[in-house]
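Q: First the structure, then my questions, so here it is.
The values are calculated or read from the model by the stated rules, or taken from the named source; none is laboratory data. Quick caveat, the model's predicted, so the values are computed rather than measured. Heads up, the Cβs are rebuilt from the backbone with ideal geometry, glycines too, and the neighbour counts pull from every protein chain shown.
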Amino acid sequence: MNSMNETLAEKQQRQPRFPKHNALAEEYRLFDPLNEATPTGVSVCVIGGGFVGLVTAVGLSQIGHNVTCVEKLLDRVSDLKKGDIPLFEQGVPEMVRANINRNRLQFTADFTERASAYDLIIITVGTPPGDNGEPDLNALREVVTSLAGRVRSDQIIIIKSTVPVGTARWIAEQLKPRNGSRGGPHIISNPEFLREGTALYDFFHPDRIVIGGESPEIIERVVQCYRAGMTKDVPIVATSNETAEMVKYASNVYLATRLSFVNELAAVCDGLALNFDDVAYAMGLDRRIGTDYLDAGPGFGGSCLPKDLEAYRAMARQGDVTLSLSPAVSRVNEQQVERVVEKIRGMVGGALTGARIGALGLSFKAQTDDLRCSPAIAIIRVLLAEGASVTAFDPVAMSNASRHFSDIALCDRAEDVATNADAIVVLTEWPEFQTLDWDAVKERMRQPNIIDARNLLDPDRIRRHGFQYVGMGRR
Ligand code: UDX
């Protein structure tokens, strides 16, 4: 079956399940959708059926709560009701179907008529980049307007969407009773830190739960709703709404900053003929640095890091603070595209006109089909602009890719990108690219060149197969 026609479910079956976590049997128990948790009697409404909303809704239903997930797109609601999940996220489809069958997870397009019936209302609508980097809060405003006048003063409204500092306070104002009396629902800020590709794992194993609000009792009630699903004591940070709102941005801006540092270090290692892997390994042993999140690559993408950097800068401008670091983080990230293209040019004799390049991987990272801000897309666009022809393969993002490109050949198998190619470039760290039949690949190529933008492959092994190999900061 070629990957273009596979269903999402078939693609998911093909991917290793929780590659890092299967061994942890206790933790795995939480992932077992057949694991029946005791109903808690808590009713939750999750407004927004995207990546965050869907994972939050299914995770809370797996814990034992009664969850209604609201999605305004009618055709998406009917798909979700059938358990057709438009999301490539390991374990989510099975868990959604299991909890639909338990009548613990339902989907609807409208929440207004029952808004006052839920113990918790969690807002997870998207806040995509708007003008001058500020998040577009229109979807959020629409939800708040629909809630006004329909919620009780003892209800809890949880803002999980990534929102600028001060948004929770604004929502509290909007939901105050119009008759001027005091009260109004409790507004809680509860940012999520889910990563695409490991969202379910991250839901059940958060490094911390950040809860912003004014009432310790209400914060404790929200904590208890999560606690039942945690296998270990997770640090709970009870703080103000504003601090909770900033923690999300600060965390993502730090992660983006770390990655631009890593990518620039890899370029320095290239310049000095050092081995980035050795430097990064020794660095990471410093407990203040840590070994995670030190992989050099073609730059960071996805729907979060780039947009949160922009939103952070917009907030700084509102606070009249001039930033130097985070603009540089974005510049370094943009430079990564040129750094990878330069490596490809160098491998094919200096000019890309007429060169045939095979691209392995299109998604912004492995274990997802998401192409938003994917560096692979940006790199391929430059290759095409410089006159190269490009063939590409991605294990799961091919249907999304066909919406981005009409001028590249999308292949059915990874090896097919090698046909008559002058170079192959690895753009996404899909594990299956490590076990290709490199002799067969070399046979099909015009020139045996590999540019490994993810440092995914073993340079010695690749060179033993007769390839010219360059990585990111690899001698
Ligand atoms: C990120 C944050 O990690 C998560 O906490 C937040 O909730 C949402 O944004 P996500 O964007 O899904 O999650 O993926 P992440 O694993 O952080 O990767 C972001 C980008 O950085 C990807 O393009 C990835 O390929 C790249 N990356 C990540 C590297 O290049 N090197 C690394 O070591 C790690």
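Q: Out of the residues in region 386-400 that are in contact with a helix residue (DSSP H, G or I) (Cβ under 8 Å, 6 or more places away or on another chain) and more than 20 Å from Asp452 (Cβ to Cβ), state the one that is surrounded by the fewest Cβ atoms within 10 Å (Cβ to Cβ).
A: My answer is Glu386.
Q: Would a scan of region 293-305 turn up a residue that is within 12 Å of the ligand (Cβ to nearest atom) and not in a loop (DSSP other than H, G, I, E, B)?
A: yes
Q: What's the total number of residues in region 363-385 that are assigned to a loop (DSSP other than H, G, I, E, B) and either surrounded by fewer than 24 Cβ atoms within 10 Å (Cβ to Cβ) or not aromatic (Phe, Trp, Tyr) (or both)?
A: 11
Q: Here are Arg313, Arg317: which of them is touching a Ser or Thr at 6+ places or on another chain (Cβ under 9 Å) and either assigned to a helix (DSSP H, G or I) or within 13 Å of the ligand (Cβ to nearest atom) (or both)?
A: After ruling out the rest, the residue left standing is Arg313.
Q: Take region 99-111 and flag every residue that is surrounded by 20 or more Cβ atoms within 10 Å (Cβ to Cβ) and touching an Asp or Glu at 6+ places or on another chain (Cβ under 9 Å). Before the answer, list the steps.
A: So in region 99-111, the residues surrounded by 20 or more Cβ atoms within 10 Å (Cβ to Cβ) come out as 99, 104-105, 107, 111.
Selection gives Phe107 alone.
Q: In addition: Among the candidates Thr419, Thr428, which residue alone is within 23 Å of Arg464 (Cβ to Cβ) and polar (S, T, N, Q)?
A: Among Thr419, Thr428, only Thr419 is within 23 Å of Arg464 (Cβ to Cβ) and polar (S, T, N, Q).
Q: Looking at region 222-257, which of the residues that are buried (at least 17 other Cβ atoms within 10 Å of the Cβ) and among the charged types (D, E, K, R) is nearest to the ligand (Cβ to nearest atom)?
A: Lys248
Q: Within the set of pairs 6+ apart or on separate chains, which have a first residue in region 440-463 that is within 15 Å of Leu360 (Cβ to Cβ) and modelled with pLDDT of 95 or more, a second that is away from the ligand (no atom under 16 Å from the Cβ) and among the hydroxyl-bearing types (Ser, Thr, Tyr), and C-beta atoms under 9 Å apart?
A: Pairs that qualify, where the first residue is within 15 Å of Leu360 (Cβ to Cβ) and modelled with pLDDT of 95 or more and the partner is away from the ligand (no atom under 16 Å from the Cβ) and among the hydroxyl-bearing types (Ser, Thr, Tyr), are Arg444/Thr419; Met445/Thr419; Asn449/Tyr469; Ile450/Tyr469; Ile451/Tyr469; Asp452/Tyr469; Leu457/Tyr469; Ile462/Tyr469.
Q: Sticking with this structure for a sec: Right, Ala256: in a helix (DSSP H, G or I) and out of contact with any strand residue (DSSP E or B) (no Cβ under 6 Å at 6 or more places or on another chain) or not? Before the answer, list the steps.
A: Values: in a helix (DSSP H, G or I): yes; out of contact with any strand residue (DSSP E or B) (no Cβ under 6 Å at 6 or more places or on another chain): yes.
Yes, satisfied.
Q: Further question: So in region 159-179, with the set limited to residues that are under 18 Å from Thr112 (Cβ atoms) and either in contact (Cβ under 8 Å) with a residue 40 or more places away in the chain or over 29 Å from the mean Cα position of the chain (by Cα) (or both), which one is surrounded by the most Cβ atoms within 10 Å (Cβ to Cβ)?
A: Within region 159-179, the first condition is being under 18 Å from Thr112 (Cβ atoms), and the residues that meet it are 171, 174-175, 177-178.
Remaining after also requiring either in contact (Cβ under 8 Å) with a residue 40 or more places away in the chain or over 29 Å from the mean Cα position of the chain (by Cα) (or both): 174-175, 177-178.
Numbers: Gln174: 14, Leu175: 23, Pro177: 15, Arg178: 8.
Once the filter is applied, the top-ranked residue is Leu175.
Q: Say we look at region 336-355 and pick out the residues that are assigned to a helix (DSSP H, G or I) and either without any contact (Cβ under 8 Å) to a residue 60 or more places away in the chain or acidic (Asp, Glu) (or both); which of these is nearest to Ala421 (Cα to Cα)?
A: So in region 336-355, the residues assigned to a helix (DSSP H, G or I) come out as 336-347.
Those left that are additionally either without any contact (Cβ under 8 Å) to a residue 60 or more places away in the chain or acidic (Asp, Glu) (or both): 337-338, 341-342, 345.
Numbers: Val337: 20, Glu338: 20, Val341: 16, Glu342: 17, Arg345: 13 Å.
Restricting to residues being assigned to a helix (DSSP H, G or I) and either without any contact (Cβ under 8 Å) to a residue 60 or more places away in the chain or acidic (Asp, Glu) (or both), the top hit is Arg345.
Q: Hey, another quick one. Assess whether Thr40 counts as being modelled with pLDDT of 85 or more, part of a loop (DSSP other than H, G, I, E, B) and over 19 Å from Ala199 (Cα atoms).
A: Judged against the criteria, Thr40 is a match.
Q: Go through (1) under 24 Å from the mean Cα position of the chain (by Cα); (2) modelled with pLDDT of 95 or more; (3) surrounded by 15 or more Cβ atoms within 10 Å (Cβ to Cβ); (4) away from the ligand (no atom under 14 Å from the Cβ) one by one and return the number of the condition Ile219 breaks.
A: Condition not satisfied by Ile219: (1).
Q: Which number in (1) free of Cβ contacts under 8 Å to residues at least 12 places away in the same chain; (2) within 30 Å of Asp119 (Cβ to Cβ); (3) within 13 Å of the ligand (Cβ to nearest atom); (4) not hydroxyl-bearing (Ser, Thr, Tyr) marks the one condition that Met283 misses?
A: The failed condition is (2).
Q: Quick check on this structure: which one of Thr124, Thr162, Thr145 is touching a Phe, Trp or Tyr at 6+ places or on another chain (Cβ under 8 Å) and either within 16 Å of the ligand (Cβ to nearest atom) or β-branched (Val, Ile, Thr) (or both)?
A: Step by step, each of Thr124, Thr162, Thr145 is checked, and only Thr162 is touching a Phe, Trp or Tyr at 6+ places or on another chain (Cβ under 8 Å) and either within 16 Å of the ligand (Cβ to nearest atom) or β-branched (Val, Ile, Thr) (or both).
Q: From the residues in region 321-335 that are within 21 Å of Pro298 (Cβ to Cβ) and hydrophobic (A, V, I, L, M, F, W, C), which one is surrounded by the most Cβ atoms within 10 Å (Cβ to Cβ)?
A: Val329
Q: Of the residues Gly197, Gly183, Gly130, which single one is in contact (Cβ under 8 Å) with a residue 12 or more places away in the chain, out of contact with any Gly (no Cβ under 9 Å at 6 or more places or on another chain) and surrounded by fewer than 18 Cβ atoms within 10 Å (Cβ to Cβ)?
A: Checking each option against the conditions leaves just Gly183.
Q: Filter region 52-108 for residues that are among the hydrophobic types (A, V, I, L, M, F, W, C), part of a helix (DSSP H, G or I) and in contact with a Ser or Thr (Cβ under 6 Å, 6 or more places away or on another chain) and give the result.
A: Across region 52-108, the qualifying residue is only Val52.
Q: For residues that are in contact with an Asp or Glu (Cβ under 6 Å, 6 or more places away or on another chain) and farther than 21 Å from Pro128 by Cβ, scanning just region 32-76, find the one that is surrounded by the fewest Cβ atoms within 10 Å (Cβ to Cβ). Lay out the reasoning, then the answer.
A: Narrowing region 32-76 to residues in contact with an Asp or Glu (Cβ under 6 Å, 6 or more places away or on another chain): 33, 42-43, 49, 52.
Right, trim to farther than 21 Å from Pro128 by Cβ and you get 33, 42-43.
Numbers: Pro33: 20, Val42: 18, Ser43: 15.
Only one residue tops the list, namely Ser43.
Q: A further question on this structure: Can you pull out every residue in region 243-284 that is more than 24 Å from the chain's Cα centre (by Cα) and of a type in the set (Gly, Ala, Ser)?
A: Selection gives Ala267, Gly271, Ala273, Ala282.
Q: Quick check on Gly290: is it within 13 Å of the ligand (Cβ to nearest atom) and in a loop (DSSP other than H, G, I, E, B)?
A: yes
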